[in-house]
Amino acid sequence: MSIVDVIARKQAGQALTTDQIDEFVKGYTRGAIPDYQASALLMAIYFQGMSRRETVALVRAMIASGSRAIHKTVSSRKVDKHSTGGVGDKTSLIIAPVVASLGIPVPMISGRGLGHTGGTLDKLESIPGFTTSLSIEQFEKQVSEIGCAFIGQSGNIVPADKKLYALRDVTCTVRSIPLVTASILSKKAAEGVDALLLDVKFGSGAFFPDVADARKLAFNLVEIGTDLGLEIQALLTDMNQPLGYAVGNWLEVKESLDILSGKSGAADLIEISLAEAAKMLLLGGKASSYKEARRLAAETLESGAAFNKFIEIAQAQKAEVSYLINPSNYPESGFNRALTAKEDGYIEEIHALKVGQAGVKLGAGREQKEDTINYQAGFVFHRKRGDEVSRGEPVVTIYGSTETKVQQAASALSGAIQYSKTPPPDNPLIISEIDIDGETGWLK
Ligand code: URA
């Protein structure tokens, strides 16, 4: 069957065979199918969807497009977590060393910032020298020796996703549940995990803002992941306001270092980091109850074990760890300016999408794929949703390279923060957990 017939079939709402999916992925990855035909098929999938069988076939074909880590020398269960993307989400930097310091291996393939959302790779690369381009052999060796490695989708790791993702980005076909599922799970299966925790976000800063869509994505990820042989769970979490206080690459590393070294920090960031680390420890068989797992996770922050593990990982990946030990040595951004509260009252909203978009304009993210990032740029909030404020007190500090950029970001942020005279209702951060048996409310 020709690619034109495959497009026509999907356009008419018919299911594709496994062979047709394989041929498409192989043909597009090696350049035999041009972008315009691949785009047409992606758009047909976007509108018509894919069945569970088709999605599994797509993930398998994408995994087969490149190499896969095996971790022959690691006998314990390997666990990873993946967030569907948000603003200020630096939890991977905290959770991976927490879990690895307790003996559960974490092989982690991460992504770059995408649209208004930040990416773990960009945050790590804000640390001078930190390399995320490891070969599969180096990745396996580091996971075996240190218990954790952070890599990007470099070399031959799911090249089909690399190409398809770039095409989806410019053809407005990112927000498709089967395509997101295949993209995430192909990378996670290629990194060689046994179990996976997903943080599926909803809210203004999430890819699927509507909670019903986020829930559908979570169920789809869990079903397809199970069919692929993974033990998989998902948490549905709120991304209406940025997570933690900092937004921007180095600023987020700095905030993570504080949490890793047991200092106090934003309640939502600590809460989600401990909850997700605890779930990963349970998936890895390290604890028999959530309470015990959470206690173990919290102890690694207090004892310095998680911080030391992060330094060990960074050292192995060639980072200049002196900046992690003394973050004040990091070069400062050119300009900074505090934005103050417009009125007495409470912070009613800090609109995550608007903050993320303002961050991209400031240089903390990319407007075009080839843009370089200003690692120092970003925001540090001093107040969060629900906090009481007095008119004139600083709510957020903006860091940028020029006065004009900082000024523009200040105007954008000013529209992202809303005030109220009474405290806003307390929104739960984690609303439920989903596994193959269904959804349960989050009661931990
Ligand atoms: N993250 C991914 O890795 N892929 C997607 O399609 C969306 C978010």
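General observations
- Accessible surface calculations at 1.4 Å, restricted to protein heavy atoms, place region 3-49 at 52 Å² per residue.
- Using the Stokes-Einstein relation with a Kirkwood hydrodynamic radius computed over Cα pairs, the translational diffusion coefficient of region 236-392 at 25 °C and a viscosity of 0.890 mPa s comes to 139 µm²/s.
- Sorting the segments 268-276, 154-162, 72-80 by their mean number of nearby beta carbons within 10 angstrom, highest to lowest, gives 268-276, 154-162, 72-80.
- Solvent-accessible area, 1.4 Å probe, carbon plus sulfur percent, for the chain: 49
- Relative to the globular-protein estimate of 2.2 N^0.38 Å, the Cα radius of gyration of region 3-49 stands at 1.02.
- Stretch gain in nm, segment Arg77-Leu443, where the contour uses 0.36 nm per residue and the Cα spacing is subtracted: 129.1 nm
- The stretch between Lys318 and Lys361 holds 12.5 nm of extra length on full extension. This uses 0.36 nm per residue minus the Cα-Cα distance.
- About the Cα centre, charge dipole magnitude for the chain (Lys/Arg +1, Asp/Glu -1 at Cβ), debye: 500
- Entry comment: accessible area of region 332-420 is 50 Å² per residue, from protein heavy atoms only and a probe of 1.4 Å.
- The orientation-averaged projection of the convex hull spanning the C-alpha atoms of region 243-323 amounts to 5.7 square nanometres.
- In this entry, region 27-102 is assigned a mean projected area of 8.3 nm², taken as a quarter of its C-alpha convex hull surface.
- The alpha-carbon atoms of the chain define a convex hull whose volume equals 135 cubic angstrom per residue.
- Value of Rg to Rh for region 332-420 (Rh from inverse mean 1/r over Cα pairs, i.e. Kirkwood): 0.99
- Label point 7 Å beyond Cα of Glu302 along Cβ direction - residues of region 253-289 with amide nitrogen under 13 Å: 262-263
- Helix 403-414 and the long axis of the chain differ in direction by around 80°, with both axes built from C-alpha atoms.
- CD proxy at 222 nm, helix term only [per DSSP H run n ≥ 4: -39500 (n - 2.57); per residue of the chain; nearest 500]: -14000 deg cm²/dmol
The values are calculated or read from the model by the stated rules, or taken from the named source; none is laboratory data. From a predicted model like this one, the values you see are computed outputs, not experimental measurements. Neighbour counts run over all protein chains shown; Cβ positions are idealised from the backbone, glycine included. Just so you know, the surface numbers come from the protein's heavy atoms only, side chains and all, with ligands and any DNA or RNA stripped out. Shrake-Rupley method; radii C 1.70, N 1.55, O 1.52, S 1.80 Å.
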